[in-house]
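Read through the structure below, which is laid out as structure tokens, and then see the notes.
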Amino acid sequence: MRSCLSPPFRISSCAATAAILAVLLAIVPQTARADSGTTPALFALGGGHVPDEIDLGVGAQGWSYKETAGDGDLASLLSGHLRTLSYWGPVILGADISYMASYSGRYTGSIISTGQPVSMNMAETVFQSAGHLGLLVLNSPYDSLGVWISYGYHQQIWMTPAQNGGYEENYQIPYLGGAFYNQNPLPGTNWSFFEEGGYRSAIAPAMTIVPGAGQNLPSGNFNLGNTWNLHALLGVRYLLTPHVGLYLSGNYSYWAFTQSTNTLTSSGGTFNEPSSITIYGGAETGITIEF
């Protein structure tokens with residue numbers, strides 16, 4: 001095979017080769033040709049590739065619950081969280097699962113049967129899971145923005161000690177939601193920021209009440225009215241290698257539950273579930289794996 005230096009093709013072949021190289025250099029972004037040794041894996045190909053992501057984290061949350069009837073509680077919880085995100089071209093597939101459990105908590109309210117003011121220890125657990133389907137709508141060397149819809153399940157279980165006239169409230173909240181997930185690197189470094197925010201709307205939300213032994217309270221399901229959620233987080237990530245990093249994030253979640261659409265009865269009378277607000281927020285740290 002002739003080289004571009006052998007006659008009689010020397011001039012025409014070299015010119016064609018130079019023209020092809022010029023076109024390729026014009027097409028390939030400058031960031032893709034740069035040394036990616038200190039560039040986060042997310043942007044190592046100049047925005048042309050967003051890697052799959054696995055996040056595994058632990059954290060601490062502050063919890064607040066308040067009913068319009070006046071009852072409420074405060075608690076501190078420990079949390080564990082697993083997230084996976086997979087990019088199939090512009091399509092995003094993902095999942096989240098988390099669990100929180102209180103290590104301290106206090107209920108302040110009144111004994112339902114007598115109205116007598118009471119304050120006692122309480123416990124709270126929260127389980128959440130969701131699947132995501134979305135699109136990568138922006139992918140540049142400095143910004144990667146994805147949006148998705150989610151189908152998920154939120155469960156929070158509130159418990160007071162049986163020896164203090166306790167009972168359990170078990171909220172079961174299937175939902176549909178939408179969210180954005182944005183990532184912003186600091187060019188030339190291993191640091192990046194990420195932000196997320198979204199809205200959830202419940203599907204047939206319910207709360208099951210389980211009274212303690214001997215309690216003059218109803219047992220059964222309250223059908224909750226309109227239930228919705230706003231949530232957000234802000235975080236920073238540092239890649240130790242192009243594929244393994246550490247992250248730290250802060251989060252906030254606001255759930256609003258309207259009054260139950262049905263009532264339950266017991267020998268003590270007729271009961272409904274009043275409107276309530278659940279708020280929690282805190283910090284999480286963990287490991288990110290990109291591949």
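Pick out the one residue from LEU246, LEU217, LEU233 that is modelled with pLDDT of 95 or more and surrounded by 16 or more Cβ atoms within 10 Å (Cβ to Cβ).
Unique residue meeting the criteria: LEU233.
Check whether at least one residue in segment 265-284 is without any contact (Cβ under 8 Å) to a residue 12 or more places away in the chain, surrounded by fewer than 15 Cβ atoms within 10 Å (Cβ to Cβ), outside any loop (DSSP other than H, G, I, E, B) and of a type outside the set (A, V, I, L, M), and report yes or no.
yes
With respect to ASN164, determine if the residue is at pLDDT below 95 and within 19 Å of LEU77 (Cα to Cα).
Numbers: at pLDDT below 95: yes; within 19 Å of LEU77 (Cα to Cα): no.
Against the criterion (at pLDDT below 95 and within 19 Å of LEU77 (Cα to Cα)), ASN164 does not qualify.
Has segment 62-77 got any residue that is within 13 Å of the chain's Cα centre (by Cα), surrounded by 20 or more Cβ atoms within 10 Å (Cβ to Cβ) and part of a strand (DSSP E or B)?
Taking segment 62-77 first, the residues within 13 Å of the chain's Cα centre (by Cα) are none.
Checked segment 62-77: no residue is within 13 Å of the chain's Cα centre (by Cα), surrounded by 20 or more Cβ atoms within 10 Å (Cβ to Cβ) and part of a strand (DSSP E or B).
Please work out which one of (1) surrounded by 15 or more Cβ atoms within 10 Å (Cβ to Cβ); (2) closer than 22 Å to GLY177 by Cα; (3) of a type outside the set (A, V, I, L, M) is the condition ASN223 fails and give its number.
It is condition (1) that ASN223 fails.
Could you please give the count of residues in segment 234-264 that are part of a strand (DSSP E or B) and more than 19 Å from the chain's Cα centre (by Cα)?
Looking only at that region, the number is 5.
Would segment 114-132 turn up any residue that is part of a strand (DSSP E or B), at pLDDT below 90 and buried (at least 19 other Cβ atoms within 10 Å of the Cβ)?
No, there is no match, as no residue in segment 114-132 is part of a strand (DSSP E or B), at pLDDT below 90 and buried (at least 19 other Cβ atoms within 10 Å of the Cβ).
The values are calculated or read from the model by the stated rules, or taken from the named source; none is laboratory data. Everything quoted here is computed from the prediction, not taken from an experiment. Quick reminder, even Gly has a Cβ in these numbers, built from the backbone with ideal geometry, and neighbours come from all protein chains shown.
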